[in-house]
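J.: My questions all concern the structure below.
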Amino acid sequence: MTLSNLRWGELAAVIGAALLAIGVFLPWYGTGNENSLITDSCKGASQSCSAWDVEPVLRFVLLLAAIAPFVLAWIILRGHSLSWPRGELTAVIGITTVTIILVRGFVFRPGEPSGQISLEIGYFLSLLGAVLILLGAVVRTTEIGGRPKKPPGVI
């Protein structure tokens with residue numbers, strides 16, 4: 001078990017996982033005026049709410065997604081054999097996490113009135129972390145030694 005087995009893709013994914021986990025606890029949403037309401041504990045002018053405060057289920061989904069790159073790094077360090085290319089499952093988790101964060105921030109943003117709810121640093125840090133997870137996993141899956149190529153016309 002040597003750290004030389006880890007490449008820059010896995011390290012980027014692990015850093016992204018740490019950013020994602022930290023971002024869950026930093027402010028995601030901010031209120032604009034005294035009529036703004038996100039939750040009962042986050043209302044009024046100039047309030048900030050983290051994903052941990054606002055998202056009862058999504059907070060756990062994001063923290064579980066942050067575990068995947070560490071599992072990938074552990075598999076690579078230990079040299080475990082898998083029935084699928086290394087990094088493929090982490091890439092799926094990464095793209096799902098990026099999609100969920102983008103949809104939650106731009107399509108279904110919590111709070112009322114929607115024009116008075118802004119995105120804050122924790123949101124963007126979590127999004128950056130999810131993108132790094134995806135990037136690192138994609139780099140790992142495209143490396144030599146992944147899925148063997150088949151000739152054309154073979155399923």
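J.: Let me confirm something: among Gly32, Gly44, Gly79, Gly87, which residue is at pLDDT below 90, on the phi > 0 side of the Ramachandran plot and in contact with a strand residue (DSSP E or B) (Cβ under 9 Å, 6 or more places away or on another chain)?
T.: Gly44
J.: For segment 1-13, give me each residue that is at pLDDT 85 or above and more than 14 Å from Arg86 (Cβ to Cβ).
T.: Correct list: Leu11, Ala12.
J.: Residues of segment 93-109 being touching a residue at least 12 places away in the same chain (Cβ under 8 Å) and part of a helix (DSSP H, G or I), which ones?
T.: Scanning segment 93-109 gives Ile93, Gly94, Ile95, Thr96, Thr97, Val98, Ile100, Ile101, Leu102, Arg104, Gly105.
J.: What residue, among those in segment 115-127 that are out of contact with any helix residue (DSSP H, G or I) (no Cβ under 6 Å at 6 or more places or on another chain) and not small (Gly, Ala, Ser), is surrounded by the most Cβ atoms within 10 Å (Cβ to Cβ)?
T.: Ile117
J.: Do you know which residues across segment 12-51 are of a type in the set (Val, Ile, Thr), surrounded by fewer than 17 Cβ atoms within 10 Å (Cβ to Cβ) and touching a Leu at 6+ places or on another chain (Cβ under 8 Å)?
T.: Matches in segment 12-51: Ile15, Ile22.
J.: Then there is this: Tell me whether segment 134-148 contains one or more residues that are surrounded by fewer than 16 Cβ atoms within 10 Å (Cβ to Cβ), in contact (Cβ under 8 Å) with a residue 24 or more places away in the chain and among the charged types (D, E, K, R).
T.: yes
J.: So which residues in segment 52-78 are assigned to a loop (DSSP other than H, G, I, E, B), among the hydrophobic types (A, V, I, L, M, F, W, C) and surrounded by 15 or more Cβ atoms within 10 Å (Cβ to Cβ), if there are any at all?
T.: Ala66
J.: Restricting to segment 19-51, count the residues that are touching a residue at least 40 places away in the same chain (Cβ under 8 Å), among the hydroxyl-bearing types (Ser, Thr, Tyr) and assigned to a loop (DSSP other than H, G, I, E, B).
T.: Of the residues in segment 19-51, 1 are touching a residue at least 40 places away in the same chain (Cβ under 8 Å), among the hydroxyl-bearing types (Ser, Thr, Tyr) and assigned to a loop (DSSP other than H, G, I, E, B).
J.: Something else: Within segment 81-114, can you find the residues that are loosely packed, with under 11 Cβ neighbours inside 10 Å and either over 21 Å from Ala12 (Cβ atoms) or of a type in the set (Gly, Ala, Ser) (or both)?
T.: Of everything in segment 81-114, those that are loosely packed, with under 11 Cβ neighbours inside 10 Å and either over 21 Å from Ala12 (Cβ atoms) or of a type in the set (Gly, Ala, Ser) (or both) turn out to be Ser81, Ser83, Phe106, Val107, Phe108, Ser114.
J.: Return the only residue of Ile75, Ile38 being within 30 Å of Arg109 (Cα to Cα) and of a type in the set (Val, Ile, Thr).
T.: Every option except Ile38 fails the conditions.
J.: A further question follows. Going by the conditions given, is Arg78 over 30 Å from Asn35 (Cα atoms) and either of a type outside the set (Gly, Ala, Ser) or touching a Ser or Thr at 6+ places or on another chain (Cβ under 6 Å) (or both)?
T.: Yes: the conditions hold for Arg78.
The values are calculated or read from the model by the stated rules, or taken from the named source; none is laboratory data. None of these values were measured; they are calculated from a predicted model. Please note: Cβ atoms are built from the backbone with ideal geometry, for glycine as well, and neighbour counts cover all protein chains shown.
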